[in-house]
Amino acid sequence: MARVLFDDVVYTDYGILDLMWAADGYWDGDYDRFFAGQDNGLVGAADPKGIYLCLARMSGGSRVTIRLHDAEPPVDTEGWEDVVEVSTVIPQGAAPTWQTFAGDTSGPLELEPGPYRVRVSARGRDEANPARTGAVEDGAVVDFYLVDFWPAHWTLDAVIQTVSEDAATWHAQVGGRTCGQPPGQADAEEAAS
């Protein structure tokens, strides 16, 4: 059963959306910090302080839904174009939140400490990218993101499906970094304690 933690239009700058467990877990422009050892280029989870989500819309509103599940939900590759999974650990004492580059925030997200698998599903990335489509009409929401959390031990990130040209570009340019290794399960769980 899914519990919706957040469901609203998020107004971003530079397509930056952070899910943070620590005050300094926000995107700082360091791809190596967030994508070390990962194959995907959309969801950076190599930093133990939070997760960076690369939204397609450079500036404006994107629909974001964040849900918590008791167990792994089925993958929906028909309703979503791009799907990736990462692992993270929320440490003891953390107060998870989301934040945009502009400093907008959700307030606390009700996520308990512990290891999680996170699936991010997206549609409308090509429509939201002005380099591909030209300017998006003000107020129009054309890209949608579903962020699913469920308890799970750490495992490597996975690109489940890539349909949009935008996601393929990010995977090619940012994914596959050999600048370091992501934390293993033991490292991630140690960071949580």
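Exactly one residue out of A45, A122 is buried (at least 23 other Cβ atoms within 10 Å of the Cβ) and at pLDDT 95 or above, and it is A122. The set of residues in region 141-162 that are within 16 Å of E72 (Cβ to Cβ) and crowded, with 20+ Cβ neighbours inside 10 Å comprises L146, V147, D148, F149, W154, D157.
Restricting attention to region 18-39, does a residue exist that is among the basic types (K, R), in a strand (DSSP E or B) and surrounded by fewer than 17 Cβ atoms within 10 Å (Cβ to Cβ)? Step through it out loud before you land on a result.
Within region 18-39, the first condition is being among the basic types (K, R), and the residues that meet it are 33.
Filter once more, so that each one left must be in a strand (DSSP E or B): none.
Checked against the condition, which is being among the basic types (K, R), in a strand (DSSP E or B) and surrounded by fewer than 17 Cβ atoms within 10 Å (Cβ to Cβ), region 18-39 yields no hits at all.
Scanning region 1-53 for residues being on the phi > 0 side of the Ramachandran plot and among the aromatic types (F, W, Y) gives a total of 1. Of all residues in region 69-76, none satisfies being of a type in the set (G, A, S) and farther than 19 Å from Y116 by Cβ.
For region 84-105, residues that are out of contact with any helix residue (DSSP H, G or I) (no Cβ under 9 Å at 6 or more places or on another chain), farther than 25 Å from D13 by Cβ and part of a strand (DSSP E or B) total 1. Checking region 3-18 against the condition returns a match, with at least one residue being touching a residue at least 12 places away in the same chain (Cβ under 8 Å), more than 24 Å from A167 (Cβ to Cβ) and touching a His at 6+ places or on another chain (Cβ under 9 Å). Taken over region 68-96, the residue count meeting the criterion of being closer than 25 Å to G175 by Cα, surrounded by fewer than 20 Cβ atoms within 10 Å (Cβ to Cβ) and not aliphatic (A, V, I, L, M) is 7. Among residues of region 159-185 that are farther than 16 Å from D47 by Cβ and part of a helix (DSSP H, G or I), those with a beta-carbon under 6 Å from a residue that is of a type in the set (A, V, I, L, M) and modelled with pLDDT under 90 at least six positions away or on a different chain give the pairs D166/A56. Exactly one residue out of G107, G124 is small (G, A, S) and either within 27 Å of E165 (Cβ to Cβ) or in contact with a strand residue (DSSP E or B) (Cβ under 6 Å, 6 or more places away or on another chain) (or both): that is G124.
Just for region 135-193: of the residues that are touching a helix residue (DSSP H, G or I) at 6+ places or on another chain (Cβ under 8 Å) and under 13 Å from D39 (Cβ atoms), which one is modelled with the lowest pLDDT? Spell out how you get there, then give the answer.
Initially, region 135-193 is screened for residues touching a helix residue (DSSP H, G or I) at 6+ places or on another chain (Cβ under 8 Å), giving 136, 142-143, 153-155, 159, 162, 164-167, 174-175, 177, 179-180, 183.
Narrowing the set further to residues that are under 13 Å from D39 (Cβ atoms) leaves 155, 159, 162, 167, 174-175, 177.
On the way: T155: 91, V159: 95, T162: 95, A167: 90, V174: 87, G175: 86, R177: 68.
Among those residues, the one meeting the criterion is R177.
Please work out which residue is nearest to G44 (Cα to Cα), limiting yourself to region 106-118 and to residues that are out of contact with any helix residue (DSSP H, G or I) (no Cβ under 9 Å at 6 or more places or on another chain) and surrounded by 15 or more Cβ atoms within 10 Å (Cβ to Cβ). Going through the qualifying residues, I end up with V118.
The values are calculated or read from the model by the stated rules, or taken from the named source; none is laboratory data. Predicted, not measured: the structure shown is a model, and the values here were computed from it. Cβ sites come from the backbone with ideal geometry, for glycine too, and all protein chains shown count toward neighbours.
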